[in-house]
Amino acid sequence: MFEKVLIANRGEIALRVIRACRELGIRTLAIYSEADVDSLHVQLADEAICIGAPPSSESYLKIDRIMSAAEVGDVDAIHPGYGFLAENAHFAEVCESCNINFIGPPASAMRKMSDKNLARQYARKAGVPVTPGSDDIVPDENDALKVAKKIGYPVMIKAVAGGGGRGMRVAHNDASFVPAFHAARMEAENAFGNPAVYIEKLIVNPHHIEFQIVADKHGHIVHLGERDCSIQRRNQKVIEECPSPLMTDGLRKKMGHACVKLAHAVGYQNAGTMEFLVDSSGHFYFMEMNTRIQVEHTITEEVYGCDLVKEQIRIAAGERLSKHVAHASPRLHAIQCRINAEDPARNFQSSPGKIAFYYAPGGRGCSAVLRLVNRKADCGRGITGIRDRSNAARLGRILHHRYQDHCRISRRHYAEHGISPGEIRHRIRRAVNVIGQIRIDRNARPSARIRCARQRTPFFMPSSISATSALRMRRAF
């Protein structure tokens, strides 16, 4: 086992890795920018090194500075968390060349699966269904138009290096296709430094289902069930649910087998997530793979009774899959809601300001994580659009869990009153009310798509939500 691990991240995920390392008896080294000197992960780590100025491009994205900190700190391994360099194959290669373990997949597997277009090609070779679309990157609008006409509208234009809903555009005809194509390329260039895009058929009113997989270095690969991320806004996840109300035992077995087969085909190791679209007929289509731990990994941990971050560290150290992970089965039902600093009354615009007060909601079956607040020390600190997400700073998340098939989540009032953002507008009450209306009902009507009356923002609604709940949800958002 490792003696010391460097955490190449900040905030919530850095704290999560620190906790896992402490439970495994591993010392931790935190890195931080000048703006994060008072952050909680800096205080709780055994050691901390400043690596640069506040902009991420001058600190958390500087591979040379991170490796210098690793050499100074004499660490055995680096955990990238999520975001920043977590899916950067070059970073993984640099770690390997410096004889430092990268707590994640090998660089070769990351290169195959982090590029969406390549991932689709490997999925086809492995016999995993993918959405109809282009066989490769489309270099210009003429080739792209030919592909769109061949597969038929509506189509989705996607960045090969995309994520978080960026670099994606929908086109319903030739007239809308050309501006959407150039807009997607421009957004991809600005966000990821790579303007390459591909075309795929748009699946109307789908369920967004992702499967958690875990693989060790000895050829053992298992999946830990699915998460339903169908409730989204602007192609960004709002509510995640595990297990999915859409899923049957037969469909779960088919999709899980497809995930394991594809992971074997690309030589995948460590934790990862494969994402699928599932239509109303139960047909599923591979979309992409996230070669890292995800924000919503905690609901899988609640349902399956495991610690995915500790498992990541064990696997990177060469250990076999833990028995309780290799033979895990679902035991609870969990729902997680993301809370963003944005104003619903102003078309969900970003809402910078100060956090006036934070009290962590609790009680049996309810937990919350506030991403930026360091309990007493950070109350009064501001949220800005510079250090946080460009369109909305994610304040944190609320997680509820109960035993399977309880018909209603009734503890939302615990969570509603936990955060008093002061100047910041937020959607806590609205989002938590939506959680409260989700019913675990396997016999509910087929999936439906609803639109917010004011903002005309599409939400995708799992089949577990009744018509009455849909109306309340529409009013809430």
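None of the figures in this text is laboratory data; all of them are computed from the coordinates on show. What you see is a predicted model; the values in this text were computed from it and never measured. Every residue, glycine as well, gets a Cβ built from its backbone with ideal geometry; the counts of neighbours run over all protein chains shown.
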Original post:
Between L44 and N235, what FRET efficiency comes out of the Förster formula 1/(1 + (r/R0)^6) with R0 = 30 Å and r the beta carbon distance, rounded to 0.05?
Top reply: 0.30
**OP:** Pop a pseudo-label 7 angstrom from the Cα along the beta-carbon direction at both E71 and E319 and give the gap in nm to one decimal.
**Re:** 3.1 nm
Subject >> segment 251-354, dipole about Cα centre (Lys/Arg Cβ +1, Asp/Glu Cβ -1), debye to the nearest 20 >> reply: 320 debye
Original post:
With no solvent and one point on each alpha carbon, what is the Debye value of log10 I(q)/I(0) for segment 21-65 at q = 0.22, 0.26 Å⁻¹?
Top reply: -0.72, -0.88
Subject >> Alpha-carbon gyration tensor eigenvalues x 5, square-rooted, for segment 71-160, Å >> reply: 36, 13, 10
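What is the order of R234, R338, fewest Cβ neighbours within 10 Å to most?
Working: R234 15, R338 21.
So the ranking, lowest neighbour count to highest, is R234, R338.
Over its Cα atoms, what ratio of radius of gyration to 2.2 N^0.38 Å does segment 132-201 give?
Details: Rg = 10.6 Å, N = 70, 2.2 N^0.38 = 11.1 Å.
Rounded to two decimals, the normalised Rg is 0.96.
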Subject >> Taking H327, H257 and counting other C-beta atoms within 10 Å, the order from fewest to most >> reply: H327, H257
Original post:
Viscosity 1.567 mPa s, temperature 4 °C: Stokes-Einstein D of segment 168-271 from its Kirkwood Cα radius, in µm² per second?
Top reply: 79 µm²/s
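Lysine pairs in segment 153-299 with Cα distance under 19 Å, only those 8 or more apart or on different chains: how many are there?
Values: K158/K201; K158/K237; K217/K261; K253/K261.
Qualifying lysine pairs in segment 153-299: 4.
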**OP:** Only Lys, Arg, Asp and Glu count, each charged at its Cβ (+1, +1, -1, -1), so figure out the dipole size of segment 132-201 about its Cα centre, rounded to 20 debye.
**Re:** 220 debye
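Suppose the chain between A126 and N205 were pulled fully straight at 0.36 nm per residue; how much longer would it get relative to their current alpha carbon spacing?
Details: separation 79, 0.36 × 79 = 28.44 nm, distance 2.65 nm.
In short, 25.8 nm is gained.
Going by C-beta contacts inside 10 Å, put H218, H207 in order with the fewest on the left.
Numbers: H218 11, H207 25.
Least crowded to most crowded, the residues run H218, H207.
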Subject >> Label-point gap, in nm, between D64 and Y82 - each point 7 angstrom along Cα→Cβ >> reply: 3.1 nm
Original post:
If the chain between H182 and D140 were fully stretched, how many nm would it gain, using 0.36 nm times the residue separation less the Cα-Cα distance?
Top reply: 14.2 nm
